[in-house]
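Here's the structure we're looking at; comments come further down.
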Amino acid sequence: MATTNIWQQFKSLIPEGARTIVTITSNNGDGTSSATLRDGTSIRVQGETVVPGSKALIEDRVVKAEVPGLAVYEAEI
């Protein structure tokens, strides 16, 4: 009888890699862009496909796509 690990099943539902929405502040001309996280931290990411001032989805510090700038709400639980 094969045993199933419920935690491994749950983890398989979550995609690998950290995904974050950032604001692109500049394209650096060397294949990278400067970006700002929601908390104000500046980071450098790979990719220059999103114009400065726009929001981008990054995964493992690589620009994946431009995303719309939607309102953000925080709720304390």
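The values are calculated or read from the model by the stated rules, or taken from the named source; none is laboratory data. Since the structure is predicted, the reported quantities are computational estimates derived from the model, not experimental observations. Neighbour counts are summed over all protein chains in view; Cβ atoms, including those assigned to glycine, are modelled from backbone coordinates with ideal geometry. Keep in mind that these areas ignore ligands, DNA and RNA; they rest on the heavy atoms of the full protein, side chains included. Shrake-Rupley method; radii C 1.70, N 1.55, O 1.52, S 1.80 Å.
Pull up region 1-22, narrow it to residues that are in a loop (DSSP other than H, G, I, E, B) and within 16 Å of Val62 (Cβ to Cβ), then point me to the one that is least open to solvent (accessible area, probe 1.4 Å).
First, pick out the residues of region 1-22 that are in a loop (DSSP other than H, G, I, E, B): 1-5, 14-18.
Cutting the leftovers down to within 16 Å of Val62 (Cβ to Cβ) gives us 15-18.
On the way: Pro15: 71, Glu16: 151, Gly17: 38, Ala18: 65 Å².
It comes out as Gly17.
On the basis of being of a type outside the set (A, V, I, L, M, F, W, C), touching a Gly at 6+ places or on another chain (Cβ under 9 Å), part of a strand (DSSP E or B) and surrounded by 10 or more Cβ atoms within 10 Å (Cβ to Cβ), does Thr25 make the cut? Before the answer, list the steps.
Numbers: of a type outside the set (A, V, I, L, M, F, W, C): yes; touching a Gly at 6+ places or on another chain (Cβ under 9 Å): yes; part of a strand (DSSP E or B): yes; surrounded by 10 or more Cβ atoms within 10 Å (Cβ to Cβ): yes.
Considered against the rule, which asks whether it is of a type outside the set (A, V, I, L, M, F, W, C), touching a Gly at 6+ places or on another chain (Cβ under 9 Å), part of a strand (DSSP E or B) and surrounded by 10 or more Cβ atoms within 10 Å (Cβ to Cβ), Thr25 comes out as yes.
Only one entry of Gly47, Gly31, Gly40, Gly53 meets the criterion of being on the phi > 0 side of the Ramachandran plot and touching a strand residue (DSSP E or B) at 6+ places or on another chain (Cβ under 6 Å), and that entry is Gly47.
Scanning region 32-53 for residues that are free of Cβ contacts under 8 Å to residues at least 24 places away in the same chain and of a type in the set (S, T, N, Q) yields Thr32, Ser34, Thr36, Thr41, Ser42, Gln46, Thr49. Residues that are loosely packed, with under 10 Cβ neighbours inside 10 Å, without any contact (Cβ under 8 Å) to a residue 24 or more places away in the chain and under 21 Å from Pro15 (Cβ atoms) do occur in region 54-71, at least one of them.
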